[in-house]
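A.B. asks: Sharing a structure with you now.
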Amino acid sequence: MTVSRFAASRAVLAGGIALSSVVLLSGTAFAHVSVQPQGEAAKGGYATVNIKVPNERDNASTVKLEVNFPLDHPLASVMPQPVPGWKAEVTKSKLSKPLQLHGKTINEAVSKVTWTADGSKIGPGQFQQFPLSLGQLPEDADQLVLKAVQTYDNKEVVRWIEEQKEGAEEPQNPAPVLKLSAASADHHGGAAPSASASADEKAGHDDKSGHDADAKKETAAADSSDTTARILGVIGILVGVAGVAFGVLAGRRRAA
């Protein structure tokens, strides 16, 4: 009995240690720089995204962030939203192949945006979001890899530049990835209803009307059946009463 209890205690202790390790490692794995679209990031359209930067250190604060944009799928417009306590700098680079956008030729595109602390920091246990307006998003790509570099006030630099390989585990320092959804009709993140959708909607209304008519018929039939049942019930009661009365009278005649 003592040996069994000892073995059970060891199993519980081992399970607790394993669970604690998983929780700690999970927290570390998910605490990395990421990009999150606000709404839809559709191919060929424009989008607003947040660069989310958590502070992973207990003894240092983040004071600088660099986000790099791919020039193989260049973006003509990258505009940072002002963040209190931070200074944003947009860097552009010459394109080997000019872009055609809204009838204009674009010879350069944004290659990097740098945020530097200007009276603020990202302290231990905190995170900061840096909003960006992006466009026009490429039509021939499913995602954009935005490699980032995070700098702490103790001079430590963390490079979030490792790309995820299909079928492989997540790298230690994964690069932020912006997933692009299917192109919308208006290229501004909101698709116009298609003809087939309108037809389906009309068919749905017609079908609904048919259902309403059927429902009315069923209700009328139900009401008719209910009325008939009530009439038959009353007739049955009357017949029953008449039978009882006849029985009483017959009994009296026999007694007389």
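The values are calculated or read from the model by the stated rules, or taken from the named source; none is laboratory data. Remember, predicted model here, so these are calculated numbers, not experimental data. Backbone-built Cβ (ideal geometry, glycine too); neighbour counts: all protein chains shown. For the accessible areas, the whole protein counts, side chains as well, though only heavy atoms, and no ligand, DNA or RNA atoms are used. Shrake-Rupley method; radii C 1.70, N 1.55, O 1.52, S 1.80 Å.
A.B. asks: Please report the carbon-and-sulfur percent of the accessible area for the range 73-145; probe 1.4 Å, protein heavy atoms only, DNA, RNA and ligands left out.
C.D. replies: About 47 percent, which is the carbon plus sulfur part of the accessible surface.
A.B. asks: May I pose another question? Take Gln143 and Leu99, extend 7 Å from each Cα along the Cα→Cβ direction, and tell me the distance between the two endpoints in nm.
C.D. replies: 2.1
A.B. asks: My understanding is that a pair violates if its Cα-Cα distance is over 31 Å; which of Lys43/Lys92; Lys104/Lys155; Lys43/Lys97; Lys121/Lys165; Lys97/Lys121 do that in this structure?
C.D. replies: Lys104/Lys155; Lys121/Lys165; Lys97/Lys121
A.B. asks: While we're looking at this one, here's another question. Return one whole number: the accessible area per residue of the range 25-179 in Å², for a 1.4 Å probe.
C.D. replies: For the range 25-179, the per-residue accessible area is 55 Å².
A.B. asks: Hey, can you grab everything whose amide H is under 5 Å from the amide H of Ser181? Only 5+ residues off in sequence or another chain; H modelled, so Pro and N-termini drop out.
C.D. replies: Counting only residues 5 or more places away or on other chains, the set is Ala41, Ala42, Lys43.
A.B. asks: For Phe127, Phe69, what's the largest-to-smallest order of accessible area, 1.4 Å probe?
C.D. replies: Result of the area sort, largest leading: Phe127, Phe69.
A.B. asks: Can you tell me which of 156-169, 83-96, 42-55, 112-125 comes out highest on packing, and rank the rest after it, using the mean Cβ neighbours within 10 Å?
C.D. replies: 42-55, 112-125, 83-96, 156-169
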